[in-house]
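The values are calculated or read from the model by the stated rules, or taken from the named source; none is laboratory data. None of the values given here were measured: they were computed from a predicted structure. FYI the Cβ positions are ideal-geometry reconstructions off the backbone, even for glycines, and counts take in every protein chain you see. For accessibility, only protein heavy atoms count, side chains too; no ligands or nucleic acids. Shrake-Rupley method; radii C 1.70, N 1.55, O 1.52, S 1.80 Å.
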Amino acid sequence: MNQNILLVEDEAALRMTLIDRLRSEDYIVSWAGDGDDALAKAGTLPFDLILLDVMLPRRSGFEVCREIRKAGLITPILMLTARGQTADKVAGLKLGADDYLTKPFEMAELLARVEALLRRAPQRNAYQNGIIDIGSLRIDFRGTEVSRDGRAIALSAREFQLVRYLVEHRGATISRGVLLKEVWGYNAETYTRTVDVHIASLRQKLEEDAKQPALILTVQGLGYKFVG
Ligand code: CA
């Protein structure tokens with residue numbers, strides 16, 4: 001599966017060079033040109049990696065990094081820092097960045113860091129043989145079956161698609177809008193209640209205690225996150 005990268009860089013020329021190079025390596029690249037835009041995109045779309053410049057208009061890369069981690073997103077972050085700013089590197093790592101690269105950098109070095117981070121990161125398709133076991137719960141993607149302690153749990157086709165999408169993006173916060181688009185194929189955000197209803201139903205069926213969900217968590221103001 002092609003991996004999704006969010007590139008946050010305000011210098012248009014460097015941004016274009018990076019986008020071209022990353023796309024030539026078959027990454028799917030989205031970009032943001034300032035800190036606000038970066039935060040909006042990071043919170044609504046599932047990315048495998050974020051390349052984050054420190055010096056940005058509106059909100060610095062540090063602030064973006066801190067907010068992303070505060071929201072519970074575990075997407076790996078590679079910070080791009082200015083030359084010689086050792087304090088920047090330390091600050092970035094303290095705020096939850098995974099690695100940093102000093103400008104100007106060689107493209108080969110950037111690609112190597114990106115690859116290394118993606119290898120270490122939790123894979124969106126980490127389950128083997130199409131079967132995933134979470135405690136006593138088993139989800140068989142190939143057989144489209146869900147069971148607990150060997151006893152089948154009946155899910156509707158939509159519920160199954162929803163749980164599949166959540167598990168494929170486990171650990172990432174997914175907004176209702178993205179779920180509507182990816183699971184239902186809707187483009188409008190007017191049916192977000194539909195998502196909530198289905199999530200509630202899934203919790204009834206999959207959680208040990210639907211009132212205290214341990215698998216499908218609500219991320220206040222952002223969406224849902226599958227953990228486990
Ligand atoms: Ca910059």
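When all alpha-carbon pairs of region 166-228 are counted, what percent fall beyond 21 Å? Looking at region 166-228, the distances longer than 21 Å represent 15 percent of pairs. Report, to the nearest whole %, how much of the accessible area of the chain belongs to carbon and sulfur atoms, 1.4 Å probe, protein only. Taking all protein chains in place, the chain shows 48 percent carbon and sulfur surface. If you sort the three axes of the alpha carbon gyration tensor as a ≥ b ≥ c, you get a/c of 1.5 or more for region 15-93 and a/b no higher than b/c, which makes it oblate. I'd like the trypsin sites (Lys or Arg not before Pro) in region 128-188 restricted to DSSP loop residues with at most 14 other Cβ atoms within 10 Å, sorted by number. For trypsin sites (Lys or Arg not before Pro) across region 128-188 that sit outside H, G, I, E and B with at most 14 neighbouring Cβ atoms in 10 Å, the list reads ARG142. Quick one: net charge around ILE139, please, counting Lys, Arg +1 and Asp, Glu -1 for every other residue with C-beta under 12 Å from its C-beta. Taking every other residue near ILE139 into account, the sum is +1. Of the trypsin sites (Lys or Arg not before Pro) found in region 187-228, those that fall in a DSSP loop while having at most 15 other beta-carbon atoms within 10 Å are LYS211. Remark: region 3-11, residue by residue, has Karplus-estimated 3J(HN,Hα) of 9, 9, 10, 9, 9, 10, 7, 8, 7 Hz, where x stands for each Gly or Pro and the curve is 6.51 cos²θ - 1.76 cosθ + 1.60 at θ = phi - 60°. Against the main long axis of the alpha-carbon atoms of the chain, helix 192-206 sits at an angle near 60°.
Extension gain, VAL219 to ALA112: 0.36 nm times the residue separation minus the Cα-Cα distance gives 35.3 nm.
Can you work out the accessible area per residue across the chain, with the rest of the protein chains kept in place, probe 1.4 Å, in square angstrom? With all protein chains present, the chain gives 51 Å² per residue.
The trypsin sites (Lys or Arg not before Pro) of region 1-62 that DSSP puts in a loop, and whose beta carbon has at most 15 other beta carbons within 10 Å, are ARG58.
What you get for the chain, charging only the Cβ of Lys and Arg (+1) and of Asp and Glu (-1), is a dipole of about 520 debye around the Cα centre. The share of alpha-carbon pairs in the chain lying farther apart than 31 Å comes to 28%.
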